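Working notes, beginning with the structure itself.
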Amino acid sequence: MTQSIASTTTNAAADLIARSNRLGSDKKNTNYAGGNTSAKGTATDPVTGEEIELLWVKGSGGDLGTLTENGLSTLRLDRMRSLVNVYPGVEREDEMVAAFDYCLHGKGGAAPSIDTAMHGLVNANHVDHLHPDSGIAIATAANGRELTAKIFGDKVAWVDWRRPGFQLGLDIAAIKDANPQAVGCILGGHGITAWGETSEDSEANSLWIIDTAAAYIEEHGAAEPFGPIVAGFEALPAEQRNDRAAALAPTIRGLASTDKPMVGHFTDDERVLDFLSREKLSRLAALGTSCPDHFLRTKVKPMVLDLPATASVEEQLDRLNELHAEYRADYQAYYDAHKDENSPAMRGADPLIVLVPGVGMFSYGANKQTARVAGEFYLNAINVMRGAEALDAYTPISDAEKFRIEYWALEEAKLQRMPKPKSHAGRIALVTGAASGIGKAVAKRLAAEGACVVIADLDLAKAQAAAAELGDSDVAVGVAANVADAAAVQAAIDQAVLAFGGLDLVVNNAGLSLSKSLLETTEADWDLQHDVMAKGSFLISKAAAKVLIDQKMGGDIIYISSKNSVFAGPNNIAYSATKADQAHQVRLLAVELGEHGVRVNGINPDGVVRGSGIFAGGWGAKRAATYGVAEEDLGQFYANRTILKREVVPENIADAVYVLTGPELTRTTGLHIPVDSGVAAAFLR
Ligand SMILES: NC(=O)c1ccc[n+]([C@@H]2O[C@H](COP(=O)([O-])OP(=O)(O)OC[C@H]3O[C@@H](n4cnc5c(N)ncnc54)[C@H](O)[C@@H]3O)[C@@H](O)[C@H]2O)c1
Ligand SMILES: [Zn+2]
């Protein structure tokens, strides 16, 4: 088979992708989305028909573990290397990034990253640049250069810290030329770069450096690199830890969201808990992280609660408030000390990592994935500090250099290019009864608008299945909760808070309908209807309001009540009475929670047949038989009784939830919106 004229995919690129996927899928080798890899090879120039040398290099963004051809930049090697002749010097090295665009071969693929120079200039067919914890441990040891020589002999060279860029590429290329026996280098404060003539060699050299460093730390490192355990700072027992984390999370999220709303992630990984229990915690945490990837996501340093786990929740909250004020002042001072006339504006002074001894680590980001990855990166940093302290003294790059990365014009440009967030991005929603019908449609809509969603329903498997339909656990999680049971409600709210950091938006939707006349309605019928709807939404609102008040970020509570909350018809005493109770809860809570910025609104649906479990359980068939229509026509039958004569579907209710909780109706509370295609007898007045 003949290859198409413009195809540049070669074995070299295919090998590169396979190697990158292997390296990137093991967290030992590099952090998420960290590092980059490259291959050089030849291909036929579709214009001249001649053989040309190309450089395939992982482009900007994306993760090595999942790299595909689209994530590669393909450059003409001769042109890329010719840039050396026009390089204006380190002061203007950032200009070289734009120049890479003039070296591209063909179109498509990813934009060339800042590390392109290193890959192109190093004289080896294959190059891997990685951020392994073991390698960064050596890179951040006070005597890193000496340690490198001791551990690797002359097979691995040392390169002093320098901000990534064209000059770092030149430095590494020169060091390789000067050390022909070397298979790679340790980049001070940052990571490693390895190379090889074949893809296999490069991979083997990378792994050799990573594993040799890890083995050396293991064998020669101090037994307790973080010092002895401090009494009172040990991990609480698992259940207490969970309760304490849930009790603290809303306040901490509120503090971390002072400048802009954040989603949270919580982990009580044993490596985190161990670090938090040790004598060196405060000194090391204050030094901050070192690898640029790490601190761009974690901020220069975390906020650390300096109280033992034995302190009360109240004492911890008071202290967290004080520490947060200090953290912000400290960050402002860091910004002021290092900024110059070209620096971008300060991006917010709140911590992204909050460490609570005995309990665990809270991490924050504009969305769940970012929050989770920030936590992963701080765990990388803990591993790095542990290794460096085991051999020597952990010595990250200076604050001045951190600032040069954090407020780098190229970094700022990347942030400016990010797409505008969706309307509900950063908001955390809990929808009850969301495994079916209206609740499911509401959950789906909120997730589509960027919210993190907790689906609460009676059956765990069904709740989880509904959550899985919306996306992975960064998007939605399912929890089991009978809303009529106060303990189950509190447990569900706690799970939501631990899954996403807090709560902003609650939809009281769980319900069921028993249509019976007064004389047929039993006491048990009455209790069931009122327990699930009136009491259930009271319990959910109460537990959620505590979170909303602690967070100090406002919020929304929505009640899915019913046309029947105002409309009087026969055979509906228990259902309609409890719907009227829910409707009045809306008004009562709107008045009571307004001072906290919490808006409470309701929706009155009617005649939602399609997708509704209420109608599916035989009740729809009975209603259809009563009216003498086929069951599948029941929705349209109800529609024909309305003013607009249009069928009401679950998505219409979801639209109303979106509008009530979205960016437009910010001055509305205590309102009910009918979504019933127009029923004059249920008009609100
Ligand atoms: N379908 C309609 O025409 C209509 C009209 C007006 C109001 N509503 C209201 O809308 C809400 C949703 O109704 P639907 O039509 O989607 O019904 P549905 O049966 O499809 O969904 C209700 C969900 O609530 C869950 N649920 C029931 N009891 C629960 C409990 N104790 N704890 C937690 N979850 C529980 C169920 O498991 C189910 O998944 C209900 O409050 C209902 O009264 C529906
Ligand atoms: Zn790097």
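Quick look at the values:
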read-out: Total charge dipole magnitude, region 359-501, about the Cα centre, Cβ charges on Lys, Arg, Asp, Glu only, Debye to nearest 20; value: 560 debye
read-out: Radius of gyration and Dmax over the Cα atoms of region 360-407, both given in Å; value: 13.2, 37
read-out: Largest-first ellipsoid semi-axes for region 263-392, taking √(5λ) over the Cα gyration tensor eigenvalues, angstrom; value: 23, 18, 15
read-out: Along each principal axis, Cα extent of region 33-100, largest first, Å; value: 36, 34, 15
read-out: Gyration tensor (Cα) of region 51-172, equivalent ellipsoid semi-axes in angstrom; value: 27, 17, 13
read-out: Simple label model, 7 Å out from Cα along Cβ direction - LYS107 to GLU651, nm; value: 3.4 nm
read-out: Sorted peptide list for 659-667, 137-145, 167-175, 187-195, criterion being average Cβ within 10 angstrom, highest first; value: 187-195, 137-145, 167-175, 659-667
read-out: Spacing of the two label points (7 Å from each Cα toward its C-beta) at ALA425 and LYS150, in nm; value: 4.7 nm
read-out: The chain - mean residue ellipticity at 222 nm from DSSP helices (-39,500 (n - 2.57) per run, n ≥ 4, rounded to 500); value: -14000 deg cm²/dmol
read-out: Candidates per GluC sites (Glu not before Pro) in region 5-74, loop by DSSP, up to 16 other Cβ within 10 Å; value: GLU50
read-out: Candidates per GluC sites (Glu not before Pro) in region 156-226, loop by DSSP, up to 10 other Cβ within 10 Å; value: GLU197
read-out: Cα-centre dipole for the chain with unit charges at Cβ (Lys and Arg positive, Asp and Glu negative), debye to 20; value: 1960 debye
read-out: Rg [Å, one decimal], Dmax [Å, integer] - the chain, C-alpha atoms; value: 29.8, 96
read-out: Efficiency of FRET between HIS220 and ASP274 - r from beta-carbon atoms, R0 25 angstrom, step 0.05; value: 0.80
read-out: Calculated diffusion of region 352-458, Stokes-Einstein form, Kirkwood radius summed over Cα pairs, 25 °C and 0.890 mPa s, µm²/s; value: 142 µm²/s
read-out: Note, ³J(HN,Hα) from phi for region 667-683, Karplus 6.51, -1.76, 1.60, rounded to Hz, x at Gly and Pro; value: 10, 10, 8, x, 9, 10, 10, x, 10, 9, 6, x, 10, 4, 5, 10, 4
read-out: Total charge dipole magnitude, region 524-645, about the Cα centre, Cβ charges on Lys, Arg, Asp, Glu only, Debye to nearest 20; value: 220 debye
read-out: Tail beyond 22 Å, pair distance distribution of region 174-272 (Cα, percent); value: 61 percent
read-out: Carbon/sulfur fraction of accessible area - the chain, other protein chains in place, 1.4 Å, %; value: 53 percent
read-out: Positive-end residue, the chain charge dipole about Cα centroid, Cβ charges, pick of ALA393, GLN181, HIS596; value: HIS596
read-out: Solvent exposure of the chain as accessible area per residue, Å², 1.4 Å probe; value: 42 Å²
read-out: Listed residue (LEU147, ILE405, ALA491) projecting farthest to the positive dipole end of the chain, Cβ model; value: ALA491
read-out: Estimated inter-spin distance, ALA174 and ALA142, nm [label 7 Å along Cα→Cβ]; value: 2.9 nm
read-out: Segments 260-266, 677-683 sorted - mean Cβ within 10 Å per residue, highest first; value: 260-266, 677-683
read-out: Relative packing of peptides 88-95, 18-25 - highest average C-beta neighbours within 10 Å first; value: 18-25, 88-95
read-out: Added length on full extension, which subtracts the Cα-Cα distance from 0.36 nm per residue, ARG319 to GLN636; value: 108.1 nm
read-out: Dipole axis of the chain (+1 Lys, Arg; -1 Asp, Glu on Cβ), positive-most option in VAL122, ALA630, ALA461; value: ALA630
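The values are calculated or read from the model by the stated rules, or taken from the named source; none is laboratory data. The model shown is predicted, which means the values in this text are computed figures rather than measured ones. Cβ sites come from the backbone with ideal geometry, for glycine too, and all protein chains shown count toward neighbours. The area values use the complete protein model at the heavy-atom level, side chains included, leaving out ligands, DNA and RNA. Shrake-Rupley method; radii C 1.70, N 1.55, O 1.52, S 1.80 Å.
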